[in-house]
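Q: The structure follows.
The values are calculated or read from the model by the stated rules, or taken from the named source; none is laboratory data. The shown structure was predicted, so the numbers you read here are calculated from the model rather than taken from an experiment. As a convention, Cβ positions derive from the backbone with ideal geometry for all residues, glycine included, and neighbour counts pool all protein chains shown. When the accessible area is computed, the model is the full protein with side chains, heavy atoms only, and any ligands, DNA or RNA have been set aside. Shrake-Rupley method; radii C 1.70, N 1.55, O 1.52, S 1.80 Å.
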Amino acid sequence: MSIGIQDVEHVAKLARLNLSDDEKERFTEQLNAILKYAEKLNELNTDDVQATTHVLPIKNVMREDEVRPSLPIERVMANAPEEEDGQFKVPAVLD
Amino acid sequence: MTPLDMTLAELRQALTDRKLSVSELVDASYQRITATEEQVQAFLTLNEEAAREQARQLDGRLAEGAALNMLAGLPAGVKDNIVTEGLRTTCASRFLDNYNPIYDGTVSRKLKAADVVTIGKLNMDEFAMGGSNENSAYQVTRNPWDLERVPGGSSGGSAASVAAGQVYFSLGSDTGGSIRQPASYCGVVGLKPTYGLVSRFGLVAFASSLDQIGPITKNVEDSAHVLQAIAGYDKMDSTSANVNVPNYAEALTGDVKGLRIGVPKEYIGQGVDPKVKEAVMQALQVFERLGATWEEISMPHTDYAVATYYLLASSEASSNLARFDGVRYGVRADNPDNLLDLYHQSRSQGFGTEVKRRIMLGTYALSSGYYDAYYLKAQKVRTLIKRDFDQAFERYDILLGPTAPTTAFRIGEQINDPLAMYLNDILTIPVSLAGVPAISVPCGLADGLPVGLQLIGKPFDEATVLRAAHAFEQDTEHHKLRPQL
């Protein structure tokens, strides 16, 4: 399986990245090399192998749904690039 | 010789006897940084004012006759992907250039509770993605043994800082070998604990099913003490293991009589530098002399580990890094057309090349139509790799091999060939995929550069790994070698 520039553009869109023409070209080449290398996994028959979901026998970690104090708004906002009235400010989503 | 060269026992004695103050110890650390940092470039942020204040307070308590914690007063460095309240944490990324955490990660909290003095935050590959420190957005840390060479990655700053004598110990994080490989390249001791032993709460996630925090130290005894301080169940991390934490220092008996060692032939085969192999074979003779037995074994799926790892780690990274959208913290693009454009522009400006490459690979591997062929396939092969370890540990107490196939390579040598760079981690990655613990200890020099010996243990059997590493260290002088700076 080999991927072209159009595939890279599609994946970049999914990944929310803008790529320069130079990046698109380089990534197409490099991702092809990496994916070609990854194809060696197909040498192994894994039909009856269960996928690893967790290396430890841990499952369904639950805790009580208790009401606890939340962080103060000013601390939550401490690293906000833009804020207004204790809220994160972003461009309008609706007209 | 500075106080930082003393052993833990000597330091504690000197502090208790008031022959040395914590302030003097912290001074020695910053003096050494001033003298060597221009060459090494290990630190991204220094914490000098707060560190000196903490030292004064500790000295005050000592003057009142207070008892000391095991690690009290020790100057330590922390990898810059571990959040520290009020101390800038960048992950060596432009994205987090101005990020000032509002909370402590669990290990940061535990270090504070142990009265460790945080000297500063250490350079790394951006978001821990890389094997050389060349992917930092800020600077390339240099290997103290040869300034033209990389310190390894992604905890290269952590390893270089200890090797250069700037701090007493440091914390790193290991996803595919990022503690062990730089420890090997820099001639220090690096321990990757069993997945789940040390809380990941407050570690900026790269690949959540693989990431583990661990100590980088000058010797195995220190490693045992630092691990003791940071290990244990944490309800803030749902992957934290609720297991009993033994006394690791007590395990350091020096006795390895009857220890059964397996040496995977794949770890000493093709691609391993003959001089690296020679140092490792000499280490085996030491174990033999000390009463351990060894056999060559096969781990048949080793060759598939790197491909498996890069598919899985990149997939998890693409998912974890989706949170970097320029809204709540980090960089934000100046004039976005709309919300979607804000995401696109902020991420494109904030992330470096290697991070983008892995996000792309991971997004592709998880995308519709390719999930089964890449992600799911890799998770199945991971099961086979883990089985290799399960089967080996039915017969052997530990597995042994080199930490990395070669010694530290030159800066710039591999930067344009990601696949070549990925293959440096071929001996550490299988361990990470299986989630088992492993340590890298110095076992000699090849052409003047350190070689690391990797000892791999059963899940949660850090005690045996540390015991074996310690016995080796007691019998040899390799760990006492220091670079000339």
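Q: Amide H of B:LEU122 versus every other amide H placed in the peptide plane: which residues, excluding those fewer than 5 positions away on the same chain, fall under 5 Å?
A: B:LEU44, B:VAL78, B:LYS79, B:ASP80
Q: If you put +1 on each Lys and Arg Cβ and -1 on each Asp and Glu Cβ, how big is the dipole of region B:229-359 around its Cα centre, in Debye rounded to 20?
A: Dipole magnitude for region B:229-359 comes out near 120 debye.
Q: Can you figure out the FRET efficiency of B:LYS235 with B:GLU48, using R₀ = 35 Å and their beta-carbon distance, to the nearest 0.05? List each step's numbers first, then the result.
A: Numbers: r = 34 Å, r/R0 = 0.97.
It comes to 0.55.
Q: Just add up the charged neighbours of B:PHE201: K/R +1, D/E -1, any other residue whose Cβ is under 12 Å from the Cβ of B:PHE201. Provide the component values of the computation, followed by the final result.
A: Numbers: positive: B:ARG109, B:LYS110, B:ARG200, B:LYS235; negative: B:ASP104, B:ASP211, B:ASP234, B:ASP237.
The answer is 0.
Q: Under a point spin-label approximation (7 Å from Cα along Cα-to-Cβ), what is the B:GLU295-A:GLU9 distance to one decimal in nm?
A: My value for the distance between the label points is 5.9 nm.
Q: Order the peptides B:113-119, B:11-17 from the highest to the lowest mean number of other Cβ atoms within 10 Å of their residues. Before the final figure, lay out each step's value.
A: Values: B:113-119: 21.7, B:11-17: 16.0.
So the order, starting with the most tightly packed, is B:113-119, B:11-17.
Q: Here's another thing I want to ask about it. Hey, if you put +1 on the Cβ of every Lys and Arg and -1 on every Asp and Glu Cβ in chain A, which of A:PRO81, A:LEU35, A:ALA15 ends up farthest toward the positive end of that dipole?
A: Farthest along the dipole direction, towards plus: A:LEU35.
Q: Ignoring ligands, DNA and RNA and using a 1.4 Å probe, state the total buried accessible area between A and B in Å², rounded to the nearest 100.
A: On the way: alone 9910 and 18650 Å², together 23290 Å².
Chains A and B together bury approximately 5300 Å².
Q: Using +1 on the beta carbon of Lys and Arg, -1 on that of Asp and Glu, and nothing else charged, what's the dipole of chain B about the Cα centre, debye to 20? If you can, show how the numbers build up before the last one.
A: Numbers: 45 positive and 57 negative charges, 117 e Å.
Magnitude of the dipole: close to 560 debye.
Q: On alpha-carbon atoms, Rg over Rh for region B:1-158 using Kirkwood Rh?
A: Numbers: Rg = 16.1 Å, Rh = 16.2 Å.
Taking Rh as the inverse mean 1/r over Cα pairs, Rg/Rh reads 0.99.
Q: Something else about it: So which residues in region A:55-69 end up with at least 10 square angstrom less accessible surface once the other protein chains are there, compared with the chain by itself, probe 1.4 angstrom?
A: Going by heavy-atom accessible area, the residues of region A:55-69 that drop by at least 10 Å² are A:VAL55, A:LEU56, A:ILE58, A:VAL61, A:ARG68.
Q: Taking amide hydrogens as modeled 1.01 Å from N in the peptide plane, which residues meet the under 5 Å criterion relative to B:TYR99, leaving out close sequence neighbours?
A: B:THR89
Q: On to the next question. Please give the average number of partner chain Cβ atoms lying within 10 Å of the Cβ of each residue in B:102-113, rounded to a whole number.
A: Taking the mean over all residues of the peptide, I get 1.
Q: Jot down the radius of gyration and Dmax of chain A, Cα atoms only, both in angstrom.
A: So, for chain A, Rg and Dmax equal 22.6, 58 Å respectively.
Q: Can you give the mean number of other chain Cβ atoms that lie within 10 Å of the Cβ atoms in peptide A:75-82?
A: 5
Q: If you take the C-alpha gyration tensor of region B:403-471, multiply each eigenvalue by 5 and take the square root, what semi-axes do you get, largest first, in whole Å? It would help to have the intermediate numbers written out before the result.
A: Values: eigenvalues 131, 58, 7 Å².
Over the Cα atoms of region B:403-471, the ellipsoid semi-axes are 26, 17, 6 Å.
Q: Semi-axes, largest first, in whole Å: what does sqrt of 5 times each Cα gyration tensor eigenvalue give for region B:240-300?
A: On the way: eigenvalues 143, 63, 27 Å².
Gyration-tensor ellipsoid for region B:240-300: 27, 18, 12 Å.
Q: Give a residue-ordered list of calculated ³J(HN,Hα) values for region B:80-88 (Karplus: 6.51 cos²θ - 1.76 cosθ + 1.60, θ = phi - 60°; whole Hz; x for Gly, Pro).
A: The phi angles translate into 7, 9, 10, 6, 10, 4, x, 10, 2 Hz.
Q: In addition: Counting only other residues whose beta carbon sits under 15 Å from that of B:ARG149, what net charge do I get with K and R as +1, D and E as -1?
A: Details: positive: B:ARG142, B:ARG410; negative: B:GLU134, B:ASP146, B:GLU148, B:ASP273, B:GLU413, B:ASP447.
Taking every Cβ under 15 Å from that of B:ARG149, the sum is -4.
Q: If you take the charge dipole of the protein assembly as shown about its Cα centre, with +1 on Lys and Arg Cβ and -1 on Asp and Glu Cβ, which of B:THR194, B:GLY86, B:GLN31 is farthest toward its positive end?
A: B:THR194
Q: Given q = 0.15, 0.18, 0.21 Å⁻¹, what are the Debye log10 I(q)/I(0) values for region B:254-394, with equal point scatterers placed on the Cα positions and solvent ignored?
A: -0.87, -1.02, -1.19
Q: With the other protein chains left in place, how much accessible area per residue, in square angstrom, belongs to chain A at a 1.4 angstrom probe? Show your work: numbers first, answer last.
A: Details: 7150 Å² over 95 residues.
Per residue, chain A has 75 Å² of solvent-accessible surface.
Q: How do B:475-483, B:67-75 rank on mean C-beta neighbours within 10 Å, highest first? Numbers along the way, then the final one.
A: Numbers: B:475-483: 15.7, B:67-75: 20.1.
Descending packing order for the listed peptides: B:67-75, B:475-483.
Q: Another question, if that's okay. Going 7 Å from the Cα of A:GLU66 in the Cα-to-Cβ direction, what parts of region B:230-269 have a backbone nitrogen less than 14 Å from that spot?
A: Only B:235-236 fall inside the zone, counting backbone N under 14 Å.
Q: Could I ask something else about it? Percent antiparallel among DSSP beta bridges with both residues in chain B, to the nearest 5? Working shown, then result.
A: Values: 30 of 45 bridges.
Within chain B, antiparallel bridges account for around 65 percent of the total.
Q: For B:377-390, what's the mean count of beta carbons from other chains sitting within 10 Å of each residue's beta carbon? Show your work: numbers first, answer last.
A: On the way: counts 8, 5, 6, 10, 9, 5, 7, 6, 1, 2, 1, 0, 1, 0.
Per residue, the number of nearby Cβ atoms from other chains is 4 on average.
Q: Kindly rank B:100-112, B:265-277, B:142-154, A:79-91 from highest to lowest mean number of other beta carbons found within 10 Å of each residue.
A: Numbers: B:100-112: 20.7, B:265-277: 16.5, B:142-154: 25.8, A:79-91: 13.5.
With the highest mean Cβ count within 10 Å placed first, the list reads B:142-154, B:100-112, B:265-277, A:79-91.
Q: Give the share of C-alpha pairs in each 10 angstrom bin for the protein assembly as shown, from 0 to the last occupied bin, in whole percents, shortest bins first.
A: 4, 18, 29, 28, 16, 5, 1, 0
Q: Which value, in debye to the nearest 20, describes the size of the charge dipole of the protein assembly as shown about its Cα centre when Lys and Arg Cβ atoms bear +1, Asp and Glu Cβ atoms bear -1, and nothing else is charged? Please report the intermediate quantities before stating the final value.
A: Working: 56 positive and 77 negative charges, 162 e Å.
Using Cβ point charges on Lys, Arg, Asp and Glu, the protein assembly as shown gives about 780 debye.
Q: Would you calculate the volume per residue, in Å³, of the smallest convex hull containing every Cα atom of region B:104-238?
A: Details: hull volume 12.7 nm³, N = 135.
Measuring per residue, one finds 94 Å³ for the Cα hull of region B:104-238.
Q: Same structure again: Which percent of Cα pairs goes in each bin when the distances of region B:1-72 are cut into 5 angstrom slices starting at zero?
A: Percent of Cα pairs in each bin: 3, 15, 25, 23, 18, 10, 5, 1, 0.
Q: With θ set to phi - 60° and the Karplus curve 6.51 cos²θ - 1.76 cosθ + 1.60, what are the ³J(HN,Hα) couplings of region B:221-229 in order, to the nearest whole Hz, using x for Gly and Pro?
A: 4, 4, 4, 4, 5, 5, 4, 3, 6
Q: So, one more: Rg and Dmax in Å for chain B, alpha carbons only: what are they?
A: Just the Cα atoms of chain B yield Rg and Dmax of 21.3, 70 Å.
Q: While we're looking at this one, here's another question. Add +1 for every Lys or Arg and -1 for every Asp or Glu among the other residues with Cβ under 11 Å from the Cβ of B:GLY457, and state the total. Walk me through the numbers on the way to the answer.
A: Details: positive: B:LYS192, B:LYS458, B:ARG467; negative: B:ASP397, B:ASP461, B:GLU462.
Taking every other residue near B:GLY457 into account, the sum is 0.
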